[in-house]
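For reference, the structure is listed below as structure tokens.
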Amino acid sequence: MVQIAPSILSADFAALGEAVAAAERGGADLIHVDVMDGHFVPNITIGPPVVRSLKRVARVPLDVHLMIEEPDRYLKAFAEAGAAMISVHVEVLPHLHRTVHAIKALGAKAGVVLNPATPAGSLDAIAGDVDYVLVMSVNPGFGGQTFIPRSETKVREVRRVLDLAGNEAATIEIDGGIDIQTAPRVVAAGARILVAGAAIFHSPDPERATRELKAVASGAVQTASR
Ligand code: DX5
Ligand code: ZN
């Protein structure tokens, strides 16, 4: 199964409830929420109060991607606001093991994120502990960027690291430049949660765009090895 996680970063922030509803009608499995602090990435987006409001209207789980320098300070706030999944960047965390287990202790699924220039091998010592790995297929900070082709290889490498750690249950999520062209390639590589922002919310019909992306991704999983 492939899950589609529409990223509301590309939606109209004055109408997030409608954006979520349209994505859900199209078959969205999760709603991806991009949190940026203006330090780790150049952009600034949203915080726990918006997650709390989204939680009131969303029927599917909220997948919160923290692109912030000191995520440990905010884990509890995001979990209490309603995040079902919380991912943190390996690039900012000297105590990643502690952070991953702190997320789990708060009752959320714990993910770690790799920037395009961060090698899959940086996961070696934490691969057995994570619920999922988020592979960035663009440099984080903005929606609507172009997919970096090397990310396909990165997904394969991450799958290998997870399997070697005995963590076959861990899922690979991919984020950045995913559309109906790139989706089959990343699914073939092993990605099973696809984030998509511009491809859904910059389209004239987000419901239909979600449905089409899900159909293309689901078709590709049947031909993929796993
Ligand atoms: C980028 C964010 C992404 C972004 C993806 O920093 O992490 O989630 O919304 O947007 P698209 O799908 O437009 O590349
Ligand atoms: Zn994201």
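The values are calculated or read from the model by the stated rules, or taken from the named source; none is laboratory data. Bear in mind that the values here come from a model prediction, so they are computed numbers and not experimental data. Reconstructed Cβ throughout: ideal geometry from the backbone, glycine too, with neighbour counts over all protein chains shown. Calculation scope for accessible area: heavy atoms of the full protein, side chains included, ligands and nucleic acids excluded. Shrake-Rupley method; radii C 1.70, N 1.55, O 1.52, S 1.80 Å.
Being away from ligand 2 (no atom under 15 Å from the Cβ) and open to solvent by 50 Å² or more (accessible area, probe 1.4 Å) is the filter here, so list the residues in region 141-156 that pass it. Within region 141-156, T146, P149, R150, T153, R156 qualify.
Test V64 against the stated conditions and say whether it is within 15 Å of ligand 2 (Cβ to nearest atom) and either touching a Pro at 6+ places or on another chain (Cβ under 6 Å) or open to solvent by less than 30 Å² (accessible area, probe 1.4 Å) (or both). Yes; evaluated as a whole, the condition is true for this residue.
Which residue is farthest from I174 (Cα to Cα), if the candidates are limited to region 10-36 and must be open to solvent by 40 Å² or more (accessible area, probe 1.4 Å) and outside any loop (DSSP other than H, G, I, E, B)? Going through the qualifying residues, I end up with A14. For region 37-54, the set of residues classified as crowded, with 18+ Cβ neighbours inside 10 Å, in a helix (DSSP H, G or I) and either in contact (Cβ under 8 Å) with a residue 60 or more places away in the chain or of a type in the set (A, V, I, L, M) (or both) consists of V51, L54, listed by residue number.
From the list A125, A220, A169, A117, the lone residue that is more than 16 Å from ligand 2 (Cβ to nearest atom), over 16 Å from the mean Cα position of the chain (by Cα) and open to solvent by less than 50 Å² (accessible area, probe 1.4 Å) is A220.
Could you say whether any residue in region 189-210 is part of a strand (DSSP E or B), among the hydrophobic types (A, V, I, L, M, F, W, C) and away from ligand 1 (no atom under 11 Å from the Cβ)? The answer is yes, given that some residue of region 189-210 is part of a strand (DSSP E or B), among the hydrophobic types (A, V, I, L, M, F, W, C) and away from ligand 1 (no atom under 11 Å from the Cβ).
With open to solvent by less than 10 Å² (accessible area, probe 1.4 Å), within 16 Å of ligand 2 (Cβ to nearest atom), at pLDDT 95 or above and touching a Ser or Thr at 6+ places or on another chain (Cβ under 9 Å) as the only criterion, which of V187, V135 stands out? Quick ask: steps written out before the conclusion?
Details: V187 fails: within 16 Å of ligand 2 (Cβ to nearest atom).
Answer to the selection: V135.
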